[in-house]
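We did not get these values from a lab; they are worked out from the coordinates using the rules stated. Predicted model only: the values in this text are computed from it and were never measured. As a convention, Cβ positions derive from the backbone with ideal geometry for all residues, glycine included, and neighbour counts pool all protein chains shown.
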Amino acid sequence: MATMVTSTTLTDKQFVQIRGMIKSLAGIHLGDGKKELVKARLNKRLRQLGLGCFDEYIDFVRGDTTGGELIAMLDAISTNLTSFFRESGHFDYLNDKIIPRLKEQAAQSGQNRLRIWSAGCSSGEEPYTIGICTCEGIGNIGAWDAKILATDLSTRVLGMAARGVYTEDRLETVSPQLRNRYFTTQGYRGQRSYRTSDQLRSLMTFSRLNLMDPWPMRGPFDVIFCRNVMIYFDKPTQEKLVGRYGDILGPGGTLFIGHSESLTGCKHKLRYVQPTVYEKS
Ligand SMILES: C[S@@+](CC[C@H](N)C(=O)[O-])C[C@H]1O[C@@H](n2cnc3c(N)ncnc32)[C@H](O)[C@@H]1O
């Protein structure tokens, strides 16, 4: 017999309280249309905690001085959709424009330094794709001081990213040659799975970072990927964030945003290069 899962009612007032907390904490703006999504995702959390209604849940979040429940709430709300080589034009741009320029600069200055930040990296497909392109494009990556910083708000997806294990279906967009070079196969829960290579993982630093908080790193970064993250923020929040990206990018550094995002209406100092690609002059 199927188990009946009961759903707790979320009133407009409770929704406004919850979305206020989420906005002030993570910058994520939830429009009125997101009420059902919030209800469905947080209902699961209520059941896990054994709470009977959303008022109890709101009190629980506010009273939790460890901040752990806030993290769990944001984990439940945020959308983590991602894939390898997603919006592949950005990786072509990295291969064709950025890496050759950085190699040329390195040859002139004698400094083989590369810093890339995947801000809102979800379960790791984006930073690992960056890593693959970097290894392929640079050639002798071992001779470089190359680092890829991958950050996200959600500890759940960051754990997946750090493990670097993906089921076969997740690798559909990775060519067989690149699979052979950058992944090892293993059995995982009775299914064939792929683990990112030691070389790839050695380039990565995974860290939890709420983009709304102060950033511990100083940069400068050569490239920042912040794709499909700002879509959840309102314009003033986007504007502030893009300003901070501009500050932490090095001269000539590039910012990639998602294809469904736009900085139209945001004041910023970056130079528009082409849709979704911006550069620090
Ligand atoms: C849809 S995923 C995008 C993943 C990847 N960048 C891509 O384009 O494939 C959005 C990610 O942004 C993260 N995120 C949302 N708000 C954030 C915040 N305030 N600080 C850090 N990460 C945030 C979410 O946890 C989620 O993993």
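Couplings 3J(HN,Hα) of the range 61-72, computed from phi: 5, 5, x, 7, 6, 6, x, x, 6, 4, 4, 5 Hz, in residue order, whole Hz [Karplus 6.51 cos²θ - 1.76 cosθ + 1.60, θ = phi - 60°; x for Gly and Pro]. Between rounded, prolate and oblate, where does the chain land on the alpha carbon gyration tensor, with a ≥ b ≥ c its root eigenvalues, rounded for a/c under 1.5, else prolate if a/b exceeds b/c? Oblate shape, in that a/c is at least 1.5 and b/c is the bigger or equal ratio.
A convex hull fitted around the alpha carbon atoms of the range 35-85 yields 96 Å³ per residue. Its residue count N sets the reference 2.2 N^0.38 Å, and the alpha-carbon radius of gyration of the range 1-115 equals 1.65 times that reference. For Lys240, the aspartates and glutamates whose Cα comes closer than 14 Å to its Cα, not counting residues fewer than 8 places off in the same chain, are Asp213.
Summary of the geometry: the range 118-164 and the range 207-281, compared by the centres of their Cα atoms, lie 18 Å apart. When the Cα positions of Leu30, Ala72, Leu51 are compared along the charge dipole of the range 1-138, Leu30 comes out farthest toward the positive end, with charges on each C-beta of Lys, Arg, Asp and Glu.
From the Cα gyration tensor of the range 213-281, with a ≥ b ≥ c the square roots of its eigenvalues, which class applies: rounded if a/c is under 1.5, or else prolate if a/b is larger than b/c, or else oblate? Since a/c reaches 1.5 but b/c is at least a/b, the shape of the range 213-281 is classed as oblate.
Cross-link partners of Lys35 among lysines, defined as those whose alpha carbon lies under 23 angstrom from its own and excluding same-chain residues fewer than eight positions apart: Lys13, Lys23, Lys44, Lys235. Inverting the pair-averaged 1/r between distinct Cα atoms of the range 166-252 gives 16.2 Å as its Kirkwood hydrodynamic radius. The long axis of helix 235-248 is offset from the longest Cα principal axis of the chain by roughly 30 degrees.
For the chain, a crude dipole built from +1 on the beta carbon of Lys and Arg and -1 on the beta carbon of Asp and Glu, taken about the Cα centre, is about 180 debye to the nearest 20.
Output the 0 to 90 degree angle, nearest 10, between the alpha-carbon long axis of helix 99-109 and the longest principal axis computed from the alpha carbons of the chain. Around 50 degrees separate the two axes. Rounded, prolate or oblate for the range 80-126? Axes are the square roots of the Cα gyration tensor eigenvalues, ordered a ≥ b ≥ c, and the cut-off for rounded is a/c under 1.5. Note, shape of the range 80-126 comes out oblate.
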